[in-house]
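A.B. asks: Below you'll find the structure I mean.
FYI, it's all coordinate maths here, none of it is from the lab. Not measured: the values here are computed from a predicted model. Here Cβ is always computed from backbone atoms with ideal geometry, including for glycine, and neighbour counts include all displayed protein chains.
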Amino acid sequence: MLARNVVALVTVLCLGVLGLFVVESRQTGALPSFTEQMCGLPSKWLQLVKRGYHPARSGQISFLPDTPIYFAGGGDGWSHSGPWPYLQEVPLVFYGPRRIAATAQVTDDDHTLADVTPTLAALMRGSLSMTDGRVLSEAADLSRALGSRPPRLILTMVWDGGGWNTLRAHPDAWPNLANMMAEGVIYTADVGSSPSVTPAIHATLGTGVFPARHAVTGVPVLDDDGRAVDPFLDGDSGRFLQEPTLTERWDEQTGNEALVGMVAHVPWHLGMIGVGAERAGGDKDHAAWMDLETNEWITNPDHYTLPPGFDDQSDLPGLIAALDEGDGEWMGVPLDDPARFEELPAFAAHHTDKLIQFMADSGYGEDAITDLMFTNYKQIDLLGHHFNMASPQVEAALEATDDALGALLAHLDDEVGRGNYVVVMTADHGQQPTAEAVDAFGIDSNEMKRDLEGRFGPVIQDVAPTEVFLDEPALQERGYTVDDVARFVGDYRLGDNATGPLQQVFGAGSYDPFDRLMAMAVPSGLLPEVSC
């Protein structure tokens, strides 16, 4: 007992001394200027951050942890936002039997997901006047040479969180995708902007421009009153989407004759198809997403149409029950929690069955006008947040999503016909390895927010993985500026964020308590102006 008390006393004394040292270091240490921080980044990383910034929608502070340090959400999960290659690099596959010729993998680094929209427009023989991307000639030009008419149907499938680093961690989990790659055109693309988060990247997929122009910058966004809100407001409005999508332009060109649909996780994915009837001259395109409280497929009937058959989920209980081996769980996921049903392989099968039946019943691909279908499979991402990308749960999600791809391709072969369709497969980001795997430290966002509020008061609306959202009027009332907050974040140390005494004393991995955690923390408004 005496020895234990001595150790405890020494630990307390060390923490006190270290705490004083961190404060002293913060008083006397030289923090690089904002320009030095921005220009100290690799130029490509800075470009990706600038593409992701919109002055009316982004958080007032833009920061990047000093990689491999990363932002760990609430301290118990893995985030995926940033300009780093392992998060940015995603597969981009174009496949169309008798239409797109098999091509060796295109490996140069100039491709982004903004290229998808102009390439689809070229495949459809439509016109697209505004884009940050370019037509991918290996896909579109070969299609033009091999097919005398546009495809009847283009299906775009997003494997949420299925970036190249996730696929490479489980190389045997996606045989259908591997076969599709061998028979199509494969690009290693960047998602194209940071934050690399779902709403922003899906809006880039839909519009062909980056968040700096389409204005859906992340989760959350600032509204016109300076409040941090959900970018699609539970599907009530897409008013933050400032550029039309390809589907909206295609509706204009075809007099709303083309069929357009989206089946996805939540309204964040609506950036792929736009705002439906909310747009002047638009129609109620098919759209379905999940109500995470009731676990029902829903839509906003003012702007969209719920696809036929999606009000019937009678198959789902049986699919879920088949996963139960007597413990009421599937690999740690409870089978009686509706909020987590979408993580299950059973849900991927349910999603696929609904999507196939809906396309068949609604006539997708039946006439000469190209129809457009977009779908997002979320299991890989959801399980990655809970269990990490290297987990057997993510491997199982990849297998289930790959099975869905195989079923969709079989349906298209049988019902639309080889030569009449094109499938595009991609992902919206990669995933974060564990801290131990890359000798990193995971920043606890809750602790960071507490520290910010301890210094500046209740002026923090949200701390996102690469942004801080401030209540600027409250900040000004307390006599502080955005620059003050940015400097605090820039000088934030591991010892400040560490929540356990051993980390506070000894650090984590190769880090010590006095190491700054950020490579950059600047007022976001400086991003468009910086010239390095």
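A.B. asks: Extending each Cα 7 Å along its Cβ direction at Asp515 and Asp225, get the distance between those two points in nm, one decimal.
C.D. replies: For the pair Asp515/Asp225, the computed spacing is 4.3 nm.
A.B. asks: What residues have an amide H closer than 5 Å to that of Val266, excluding those fewer than 5 places away on the same chain, when H is modeled at 1.01 Å from N in the peptide plane?
C.D. replies: Sorted by chain and number, the residues that satisfy this are Met290.
A.B. asks: Can you give the angle from 0 to 90° between the axis of helix 445-456 and the longest principal axis of the chain, with both taken from C-alpha atoms, to the nearest 10?
C.D. replies: 50
A.B. asks: Apply the a/c threshold of 1.5 to the C-alpha gyration tensor of segment 455-514 and tell me whether it is rounded, prolate or oblate.
C.D. replies: Details: a/c = 2.69, a/b = 2.50, b/c = 1.08.
Verdict is prolate for segment 455-514.
A.B. asks: I'd like to know how segment 179-314 sits against the 2.2 N^0.38 Å rule of thumb: what's its Cα Rg over that expected value?
C.D. replies: 1.09
A.B. asks: Using 0.36 nm per residue, how much length does the chain from Asp353 to Arg418 gain when fully extended, once their Cα-Cα distance is taken away?
C.D. replies: 21.4 nm
A.B. asks: Here's a follow-up. Which shape class applies to segment 235-371: rounded if a/c is under 1.5, otherwise prolate when a/b exceeds b/c and oblate if not, where a ≥ b ≥ c are the square roots of the Cα gyration tensor eigenvalues?
C.D. replies: prolate
A.B. asks: Helix-derived [θ] at 222 nm for the chain: sum -39500 (n - 2.57) over DSSP H runs of at least 4, divide by residue count, nearest 500? Kindly include the intermediate steps, with their values, before the conclusion.
C.D. replies: Details: 21 runs with 197 residues, N = 532.
-10500 deg cm²/dmol, from helical runs alone.
A.B. asks: Which order do the peptides 163-170, 31-38 come out in when sorted by mean C-beta neighbours inside 10 angstrom, highest first?
C.D. replies: Top to bottom by mean Cβ count within 10 Å: 163-170, 31-38.
A.B. asks: Sorted from largest down, give the three principal axis spans of the alpha carbons of segment 341-445, whole angstrom values.
C.D. replies: Projected onto the principal axes, the Cα atoms of segment 341-445 cover 54, 24, 23 Å.
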